[in-house]
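The values are calculated or read from the model by the stated rules, or taken from the named source; none is laboratory data. What you see is a predicted model, and the numbers here were worked out from it, not measured in a lab. All Cβ positions, glycine included, derive from the backbone under ideal geometry; neighbour counts span all protein chains shown. In case anyone asks, the SASA skips ligands and DNA or RNA and just uses the protein heavy atoms, side chains included. Shrake-Rupley method; radii C 1.70, N 1.55, O 1.52, S 1.80 Å.
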Amino acid sequence: DTGVSQDPRHKITKRGQNVTFRCDPISEHNRLYWYRQTLGQGPEFLTYFQNEAQLEKSRLLSDRFSAERPKGSFSTLEIQRTEQGDSAMYLCASSLGWGPNTGELFFGEGSRLTVL
Amino acid sequence: AQSVTQLGSHVSVSEGALVLLRCNYSSSVPPYLFWYVQYPNQGLQLLLKYTSAATLVKGINGFEAEFKKSETSFHLTKPSAHMSDAAEYFCAVSFNFGNEKLTFGTGTRLTIIP
């Protein structure tokens, strides 16, 4: 299967700890997105990359959050000093990013974070 | 700010009955509209999208949606529900066709009654 993969699928951590999530997009996709989804809500945009460049960050992304996409391939999302309010499903998605395929996101299954 | 409202967080229909999932958007400029579906234990996938071409859009698995500017709506329909349609459905909007920064609704969980 060559879809979007995320790791780990589940992470339980104590408040104040740092966590890192990894996303491997579909190989030919040059855009990579991070969204966050809490219970009963739809996904909320966090940030996106075009190749290795981070082009936009949401105001939801506080300074405790950092995302990288070195070499324009996989991406990591790190949360420092986690808080209980960070508990959510973190979704990664990728896209071809041009032409008739614009708007079509391919999502991974998500990484569920629980902060105790 | 752009937003979408999905009426009904849960919808139940009998197998073979019409499926109607409602989505209304708020916008002062023409939006781009999407429906995504999330099956249990799977990632979200695109059902269909409206990008200012035909107002009636056909998607995968027999679903379609009609863009009605006068009603600011983009409701999702399927003439005959199948058990495999049970999933959560999300309407989303974008005002920039240059990227996939989408604003999603809160979702509608569709249950199919045998």
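In the stretch B:29-48, of all residues being in contact with a helix residue (DSSP H, G or I) (Cβ under 9 Å, 6 or more places away or on another chain) and among the hydrophobic types (A, V, I, L, M, F, W, C), the one that is farthest from B:N99 (Cα to Cα) corresponds to B:V37.
Which one is surrounded by the fewest Cβ atoms within 10 Å (Cβ to Cβ), of the residues in the stretch B:86-98 that are within 11 Å of chain A (Cβ to nearest Cβ) and in a loop (DSSP other than H, G, I, E, B)? Of everything passing the filter in the stretch B:86-98, B:G98 is surrounded by the fewest Cβ atoms within 10 Å (Cβ to Cβ). For the stretch A:33-54, the condition holds for at least one residue, the condition being that it is more than 28 Å from A:T2 (Cβ to Cβ), within 13 Å of chain B (Cβ to nearest Cβ), free of Cβ contacts under 8 Å to residues at least 60 places away in the same chain and in contact with a strand residue (DSSP E or B) (Cβ under 6 Å, 6 or more places away or on another chain). Taking the stretch A:73-103 as the range and being open to solvent by 20 Å² or more (accessible area, probe 1.4 Å) and more than 14 Å from chain B (Cβ to nearest Cβ) as the test, the residues that pass are A:S73, A:F74, A:T76, A:E78, A:Q80, A:R81, A:E83, A:Q84, A:G85, A:S87.
The strands (runs of 3 or more DSSP E) located wholly in the stretch B:1-85 that include 1 or more residues which are more than 27 Å from A:L96 (Cα to Cα) and polar (S, T, N, Q) occupy B:3-7, B:10-14, B:19-26, B:73-78.
Take A:G16 and decide whether it is touching a residue at least 40 places away in the same chain (Cβ under 8 Å), open to solvent by less than 60 Å² (accessible area, probe 1.4 Å), assigned to a loop (DSSP other than H, G, I, E, B) and within 11 Å of chain B (Cβ to nearest Cβ). No. Among the residues here, B:H82 qualifies as away from chain A (no Cβ under 12 Å), modelled with pLDDT of 95 or more and open to solvent by 60 Å² or more (accessible area, probe 1.4 Å).
Number of residues in the stretch A:35-49 that are more than 14 Å from the chain's Cα centre (by Cα) and either open to solvent by 20 Å² or more (accessible area, probe 1.4 Å) or not small (G, A, S) (or both): the value is 3.
Summed over the stretch B:20-46, the residues that are over 18 Å from B:S9 (Cβ atoms), open to solvent by less than 60 Å² (accessible area, probe 1.4 Å), more than 10 Å from every other protein chain (Cβ to nearest Cβ) and touching a Phe, Trp or Tyr at 6+ places or on another chain (Cβ under 8 Å) give a count of 2. When we screen B:T103, B:T51, B:T55 for residues that are modelled with pLDDT of 90 or more and either within 14 Å of another protein chain (Cβ to nearest Cβ) or open to solvent by 30 Å² or more (accessible area, probe 1.4 Å) (or both), the only hit is B:T103.
Each residue in the stretch B:58-74 was checked for being β-branched (V, I, T) and either away from chain A (no Cβ under 14 Å) or in contact (Cβ under 8 Å) with a residue 40 or more places away in the chain (or both), and 1 pass. Somewhere in the stretch B:87-110, is a residue farther than 22 Å from A:Y33 by Cβ, hydrophobic (A, V, I, L, M, F, W, C) and touching a residue at least 40 places away in the same chain (Cβ under 8 Å)? Looking through the stretch B:87-110, at least one residue is farther than 22 Å from A:Y33 by Cβ, hydrophobic (A, V, I, L, M, F, W, C) and touching a residue at least 40 places away in the same chain (Cβ under 8 Å).
A:G16 fulfils the conditions (1) at pLDDT 95 or above; (2) touching a strand residue (DSSP E or B) at 6+ places or on another chain (Cβ under 8 Å) except for a single criterion, (2).
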